[in-house]
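Enquirer: Input: one structure, supplied below.
The values are calculated or read from the model by the stated rules, or taken from the named source; none is laboratory data. This one's a predicted model, so the numbers in the text were calculated from it and none came from an experiment. Here Cβ is always computed from backbone atoms with ideal geometry, including for glycine, and neighbour counts include all displayed protein chains.
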Amino acid sequence: MTSPLDICFVSMHTSPANLPGSGDAGGMNVVERAQAVALAELGHRVRLVTRRAAPDDPDQLELAPGVTLHHLDAGPAAVLPKSQIDDHLDEFSANLARLAPASIIHSHHWMSGVAALPVARAWGVPHVQSYHSVAALPGSALAAGEPPESPRRVPGEALVAAESDAVVAISAAEARTVIERCGAEPDRVHIVSPGVDQELFRPLAPGERRWRPDGAADIERRGYLLFAARFQPLKGPDLAIRALAELEPDLRPHLLVAGDTSPDFASYDAELHELVSRLGLSELVHFVGPQPRPALAELMRSALVVLVPSHSETFGLVALEAAASGTPVIAAAAGGLREAVAHGETGQLMDSREPEDWGRALHRLLTEPGLRERMGTVARVHARRFEWRWAGHRLAALYAELLDR
């Protein structure tokens with residue numbers, strides 16, 4: 001192994017400390033923390049630096065051996081919509097510069113990169129950028145229902161693409177996006193696939209009882225579908241609900257909707273509840289709130305099917321976690337989901353966003369004898385290709401290469 005590095009992960013608008021109970025199912029802060037732990041297990045030291053979002057957030061907290069979380073002041077100590085956080089870039093950058101210099105800075109999300117680039121230059125160390133999402137093209141279906149972009153975002157994405165020493169993409173789909181939309185130099189773009197916790201996300205053990213809430217025998221009889229993501233139009237929870245309505249009433253399973261509303265979409269939760277009521281699904285759709293990671297894993301391995309109807313995903317970690325759980329997926333054929341789901345083998349990729357098409361795909365999975373079981377078995381094998389330790393090795397090798405230059 002190369003000499004241990006002091007790595008600074010900058011993630012201005014997510015707090016990996018909250019992951020055990022965040023309910024951000026498959027969210028990208030899962031990736032940040034898992035990468036940090038994988039690097040620490042290789043002997044490196046990782047500092048996760050984020051914005052203080054509550055008055056009682058500690059200045060410093062050990063998350064795991066070799067992984068320390070730092071909270072920096074940048075605006076009010078409160079949860080802010082992402083569209084407002086970049087009003088405090090300069091304060092965050094100034095406080096970041098006051099930390100002891102690291103060997104390398106790896107920024108997550110565009111605003112972190114804008115804040116950290118000048119600090120990396122002042123410290124004389126390489127700067128690596130991960131995007132996790134890129135601004136939607138104006139007028140695109142992806143932009144429908146989204147809050148207005150910060151005017152700083154598009155130029156900020158282009159700046160970090162041009163000035164960073166390397167860009168880390170989580171999938172080939174994301175690599176293409178940052179090259180074509182942000183202007184990243186192809187030679188500087190590196191794909192580091194995510195991993196999945198194979199012990200946490202696992203199939204049902206022989207004789208293990210499927211999850212059900214207390215007193216809900218009908219869920220055990222009918223089974224349930226699972227949607228797990230933050231409530232925002234980009235993730236498509238409305239399509240999951242509409243797809244359920246396309247099934248014949250006697251065939252309909254329940255649908256568990258796990259997640260929470262982000263500050264950018266304060267009214268969206270009410271819109272989803274109104275849709276459920278209008279479609280006559282109030283007895284079958286259950287909003288179960290944000291789930292800790294162990295609870296999410298239990299829901300996944302007990303589900304009939306996991307639905308991932310996102311308009312776009314850089315990878316689709318929820319789909320990979322479902323695969324590790326031995327549960328087939330019906331997912332939009334969007335972005336990195338094409339890499340997370342092996343079409344026809346571990347699940348179904350959908351080019352259409354019409355509810356009736358999703359309903360037909362659900363009908364086939366629920367009624368064709370042995371199909372879900374076969375897909376679930378192959379899905380588990382497919383998921384074993386993705387390990388966090390290899391992501392750690394790949395990142396460490398990239399950092400060493402940059403430092404050697």
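Enquirer: Which condition breaks for I219 when tested against (1) assigned to a loop (DSSP other than H, G, I, E, B); (2) under 30 Å from S282 (Cβ atoms); (3) not small (G, A, S)?
Expert: The number of the failed condition is (1).
Enquirer: Residues A240, A173: which one is in contact (Cβ under 8 Å) with a residue 24 or more places away in the chain, assigned by TED's automatic domain parsing to the domain that holds T367 and not in a loop (DSSP other than H, G, I, E, B)?
Expert: After applying the criteria, what remains is A240.
Enquirer: What residue, of E321, E313, is under 15 Å from the mean Cα position of the chain (by Cα) and modelled with pLDDT under 95?
Expert: Testing whether each residue is under 15 Å from the mean Cα position of the chain (by Cα) and modelled with pLDDT under 95 leaves just E313.
Enquirer: Okay, next question. In the range 203-230, which residues are modelled with pLDDT of 90 or more and either within 19 Å of the chain's Cα centre (by Cα) or within 28 Å of R176 (Cβ to Cβ) (or both)?
Expert: Scanning the range 203-230 gives L226, F227, A228, A229.
Enquirer: Something else now. Looking at this structure, is E313 surrounded by fewer than 24 Cβ atoms within 10 Å (Cβ to Cβ) and out of contact with any Asp or Glu (no Cβ under 6 Å at 6 or more places or on another chain)?
Expert: So E313 fails the test.
Enquirer: Which residues, counting only those in the range 48-60, are in contact with a helix residue (DSSP H, G or I) (Cβ under 9 Å, 6 or more places away or on another chain) and either among the small types (G, A, S) or surrounded by 14 or more Cβ atoms within 10 Å (Cβ to Cβ) (or both)?
Expert: Answer for the range 48-60, where residues must be in contact with a helix residue (DSSP H, G or I) (Cβ under 9 Å, 6 or more places away or on another chain) and either among the small types (G, A, S) or surrounded by 14 or more Cβ atoms within 10 Å (Cβ to Cβ) (or both): L48, V49, T50, R51, A53, D57.
Enquirer: Within the range 73-115, take every residue that is touching a Pro at 6+ places or on another chain (Cβ under 7 Å) and among the hydrophobic types (A, V, I, L, M, F, W, C) and give me the one that is surrounded by the most Cβ atoms within 10 Å (Cβ to Cβ). Let's see the steps before the verdict.
Expert: Our first condition is that a residue be touching a Pro at 6+ places or on another chain (Cβ under 7 Å); within the range 73-115, this holds for 77, 79-81, 83, 93, 104.
From what is left, the residues that are among the hydrophobic types (A, V, I, L, M, F, W, C) are 77, 79-80, 104.
Numbers: A77: 14, V79: 13, L80: 18, I104: 24.
Result: I104.
Enquirer: So, one more: Which residues, counting only those in the range 188-210, are buried (at least 19 other Cβ atoms within 10 Å of the Cβ), under 30 Å from P263 (Cβ atoms) and not β-branched (V, I, T)?
Expert: The answer is P194, G195, F201.
Enquirer: Which helices (runs of 4 or more DSSP H) does the range 60-128 wholly contain that include 2 or more residues that are closer than 26 Å to T314 by Cβ and of a type in the set (S, T, N, Q)?
Expert: Here the list reads 82-85.
Enquirer: Need a quick list: helices (runs of 4 or more DSSP H) entirely within the range 322-405 having at least 2 residues that are without any contact (Cβ under 8 Å) to a residue 12 or more places away in the chain and closer than 26 Å to T177 by Cα. Break it down stepwise before answering.
Expert: Details: elements: 337-340, 355-367, 371-383, 388-404.
Qualifying helices (runs of 4 or more DSSP H): 388-404.
Conditions (1) charged (D, E, K, R); (2) over 18 Å from L200 (Cα atoms); (3) surrounded by 21 or more Cβ atoms within 10 Å (Cβ to Cβ), marked per residue:
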| site | (1), (2), (3) |
| --- | --- |
| A322 | no, no, yes |
| A332 | no, yes, yes |
| L337 | no, yes, yes |
| T346 | no, yes, yes |
| R353 | yes, yes, no |
| G370 | no, yes, no |
| E373 | yes, yes, no |
| G392 | no, yes, yes |
| A400 | no, yes, no |
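Enquirer: So, in the range 125-178, of the ones that are acidic (D, E) and surrounded by 17 or more Cβ atoms within 10 Å (Cβ to Cβ), which residue ends up modelled with the lowest pLDDT? Give the derivation first.
Expert: Taking the range 125-178 and keeping what is acidic (D, E), we get 146, 149, 157, 163, 165, 174.
Now restrict to residues that are surrounded by 17 or more Cβ atoms within 10 Å (Cβ to Cβ): 146, 157, 165, 174.
On the way: E146: 55, E157: 94, D165: 98, E174: 93.
Checked the range 125-178; the qualifying residue modelled with the lowest pLDDT is E146.
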